[in-house]
Structures are given as C-alpha cells and as structure tokens.
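*Asks:* Input: one structure, supplied below.
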Amino acid sequence: MSARTTPQVSTINPSIPKILRYLEWACLIMTILLLLFPVLNKSLPDETKGSEYLISFCVLGVLAILSFFFPIRRPMWQRRVYIFAEISCVLLTIIFSHQRLSLFVFLYLAKSCFLLRRREVIITVVLVGIIFHVGLAWRLTNDLLTDLSKPAELQARFEKNLQTLQETPHLFIAQFFFNELVIYIFLSVLITLLCLTLVAEYRSRQQAIALTKEVELLAADLERTRIARDIHDSLGHTLTSLDVQLELAQLLYERNSNQLQPALDTAKLLASQSVQEVRRAVTTMREETFDLNTALPQLLESFTSNPSITVKSKIDLPQLPLQTNHQLYCVVKEGLENIRKHSQAQVIHLRGYASADAVILELKDDGIGFDIAKPTQGFGLRGMQERVQLIGGSIQLDSTPGQGTCIQIRIPR
C-alpha cells in the first residue's frame, strides 16, 4: 500500500482503543445521569427540556453505538466518516441545545489522532474549533435576546455577571467567547500533542522491532553464506581432490601399476585432511583455540608427498582472534588449491610474520601465472577477498603470465 493511501501509523497499541472506549462510556454514563436527574442539570429551562431531552438521548444513543467501533484497520475514507459522524453529532447537540457535551469534542479529537494523518488531525482541530465557537456565539446571542425580556430567568442564569450583561451585552458575549476559546485551544493542543506523541512513540517502537527482525534475518543470511563459503573453500576442495585421487587409484589398480601405492597414500592424506577440516570447523564454532602456526603447515603436507614440488615455509605468527585465524586459514587453503589446480608450480613459498603495524601472510609460486586484467571463472579469488575484508585486512595479488603468482595479506594490528 502506497504512502498516499496509508495512515500515519498502520497499527496502534491494542490497549489504546480499549482505553478510549472506556473513557467514552464513562462520559456517556455521566451525561445520561445529568439528563435523568433534573436537579443535577440546572442549565435547561423547563419549557425546553422535553424536546432537547429527546434530541440529547438520540445523539447519545448514536454515540453509544459508534463507541463499539474503532476502525483502525479500515480504509482511510471510513475513518474520516467515522470521526466526522461523531464530532458532527456532538457539535449539533451543543449548538442547538443547552447540553454541554464539550468533553466529547476533546475525546473525539483524541480519537482522530489515532485514525487520521497528522495534517488531517490539525485541520480537524482548527475546523472543529471554528464551528464550535461560532455555534456557541450564535446560541448565546439568541439566548440573550430571549432572556433580556425575562428578568427572572436572566437573574437565575447570569447572576454573577448580570450588571455587565445588562449594560454591555456585546462585551459580555466577547468575554465569554474569549474564555471558551482559550480553554479550547489549551485543551485541544494538549490532547493533540499527547496523542500524537503516543502514536509517534509506538510507531518508533514498531520500527525498532521490525529493524531488529531484519537484522536477525540478515545475520542468519550472513551465517548461511559463511557456512557455504567454508564448505566450498575447505571440504569442497579437499573432497574434490580426494575423488580425483581415488579415480586415479582405480585406473592404476586395473592396470596393475606400481604407482598405485602413492595414489592411495595421497588419497589417505586427503581423507585425513577432510576429517581435520570438520574438526577445525567444529572447533571454530565452539570458540576453542585455533593456532595458525600449527594449522598452516598441515595444509602443505599434501604437496610434500609430490616429489616434483618443493615447499618452503616459515610461519611465525602472533596470537590472533579466533575469527581472524579461521579466515586466514581458509584464504591460504584456497590459494594452495588454486596452485594445485592451475599453476603447474614447482616451488611454493608460504611465509607468515608480524611487523610493527600488521600481520602479513605471503603465498608465492613459480607457476605459469595469469593475467589479472582478464576475468576469471569461479569464485575462489572473490571469496578470498571477501574473507580478508571481513577481518578488516587487505589483499594484494600480483601475477604475470609465465612468472608465477604472489598473494600478500595484511591484517592491521
């Protein structure tokens, strides 16, 4: 639903409609009691009580029926009609009878804050104020013109301001109008600000809850991505190499070749590495210690069994956070797998050390290299870059066709 058709807030606290309904019922009961007991209601002249009682009871009946509804989940036009119907009933009763239902006006203004947009609430407050006070002034003028010919009734209704009323009736009306206007402005602004603040606070809370849920979903997606990347970079490569070695062993077995034993030894080593990868992943999840100085040389064991490849390593790394160790391990493993598959290298150098401002890992080979400017297939290099970025480091890749490849990783200390 677009912003033009939605209200200021789509949902409110479920307790708010109940509170407003209870307040409305309390006002209805109090007003009905004033109508039923004439002693309590001294504002009505005796000759007008009959017709105005009937009008008042009809209006109160309509308001009582409307009080059972609170169309917060209805379309906007239904909300506008609802507020218009309630306020119109009250204003007509106030203007054309002597019943003081002003409390209902402020109650329905409070309702409008939860059902209408903020701009519509402000327009409603202004229009209701104008109609309410113009109606009061008109009714008061008519009453005065009638009561001036009846001194007894005039004395009873305006005994405190009788002299002012008789001498300057227009000044009296202006004072009365001004007092009512000040009271209306104060109460309407207070109620509107309070209700709009409640709406804004609840809306902010709902947005915070929705944002928390989005963060949780994003964290779950990131965790699934990390697990998928770990499987690809660790077990995926190792099991692929194991499958190749086992296929080679099958062929050699069929040919009764003397090279069967080295192939089986390599397959056994790869199987052992797969088991170690699983243990390492479990160790990482359980937040146990993970030492790169021990783990990285184990990655090179699969190359040492190949007599055509010379492996040189010097690893002296400081203690690093578990997540950093894990990501560096996966990056080096991905680099070694790329060397195994693509480089045709004869010499591999792996060096790890710490400088004054960074931890540095270097992986070099003397293979065929490649053109960095050309796009590469697969996700190995991109995965390496993502892993290094996760731990706040940088990766530099240097390669030239025919001159080998060098990968340098720097992690700030």
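*Asks:* How many of the residues in region 24-60 are surrounded by fewer than 16 Cβ atoms within 10 Å (Cβ to Cβ), modelled with pLDDT of 65 or more and not hydroxyl-bearing (S, T, Y)?
*Replies:* Final tally of qualifying residues: 12.
*Asks:* Let me ask you something else. Residues of region 383-407 being hydroxyl-bearing (S, T, Y) and in contact (Cβ under 8 Å) with a residue 40 or more places away in the chain, which ones?
*Replies:* T405, the sole residue that qualifies.
*Asks:* Any chance region 191-201 includes a residue that's part of a helix (DSSP H, G or I), more than 23 Å from R117 (Cα to Cα), in the same structural domain as Y108 (by TED's automatic domain parsing) and not polar (S, T, N, Q)?
*Replies:* no
*Asks:* Applying the selection to region 61-81, what residues are farther than 22 Å from V199 by Cβ and crowded, with 17+ Cβ neighbours inside 10 Å?
*Replies:* If the condition is that a residue be farther than 22 Å from V199 by Cβ and crowded, with 17+ Cβ neighbours inside 10 Å, then L63 is the only one that fits.
*Asks:* Under the condition of being closer than 23 Å to L91 by Cβ and surrounded by fewer than 13 Cβ atoms within 10 Å (Cβ to Cβ), which residue from region 135-167 is modelled with the highest pLDDT?
*Replies:* If we take residues in region 135-167 being closer than 23 Å to L91 by Cβ and surrounded by fewer than 13 Cβ atoms within 10 Å (Cβ to Cβ), then W138 is modelled with the highest pLDDT.
*Asks:* Then there's this: Please find, among I360, I411, the residue that is buried (at least 19 other Cβ atoms within 10 Å of the Cβ) and either at pLDDT 90 or above or under 41 Å from the mean Cα position of the chain (by Cα) (or both).
*Replies:* I411
*Asks:* Taking the condition out of contact with any Gly (no Cβ under 9 Å at 6 or more places or on another chain), at pLDDT below 80 and among the polar types (S, T, N, Q), does S88 pass?
*Replies:* Answer is no for this residue.
*Asks:* Still on this structure, I have one more. Taking region 180-216 as the region of interest, how many residues are of a type in the set (F, W, Y) and loosely packed, with under 15 Cβ neighbours inside 10 Å?
*Replies:* Here the count works out to 1.
*Asks:* Moving on. Inspect all residues belonging to region 96-110 and state whether any of them is outside any loop (DSSP other than H, G, I, E, B) and modelled with pLDDT under 75.
*Replies:* Yes, the conditions are met somewhere in region 96-110.
*Asks:* Can you tell me which residues in region 293-302 are surrounded by 17 or more Cβ atoms within 10 Å (Cβ to Cβ) and assigned to a helix (DSSP H, G or I)?
*Replies:* A295, L296, L299, S302
*Asks:* Let me confirm something: among G392, G378, which residue is modelled with pLDDT under 85 and either within 38 Å of the chain's Cα centre (by Cα) or assigned to a loop (DSSP other than H, G, I, E, B) (or both)?
*Replies:* Matching residue, one of G392, G378: G378.
*Asks:* Let me ask something else. Can you say whether F84 is surrounded by 14 or more Cβ atoms within 10 Å (Cβ to Cβ) and out of contact with any strand residue (DSSP E or B) (no Cβ under 7 Å at 6 or more places or on another chain), as far as the supplied structure shows?
*Replies:* Criteria not met by F84.
*Asks:* Just to be sure I understand the filter: pairs with C-beta atoms under 7 Å, separated by 6 or more residues or on different chains, first member in region 64-83 and not assigned by TED's automatic domain parsing to the domain that holds I32, second member assigned to a helix (DSSP H, G or I) and modelled with pLDDT of 85 or more. Which pairs pass?
*Replies:* none
*Asks:* What strands (runs of 3 or more DSSP E) lie completely within region 304-373 and have 1 or more residues being without any contact (Cβ under 8 Å) to a residue 40 or more places away in the chain?
*Replies:* Passing ranges, in order: 310-315, 347-354.
The values are calculated or read from the model by the stated rules, or taken from the named source; none is laboratory data. Just so you know, these numbers come straight off a predicted model, no measurement behind them. Methodologically, a virtual Cβ is constructed for each residue, glycine included, from the backbone with ideal geometry; neighbour enumeration extends over all protein chains shown.
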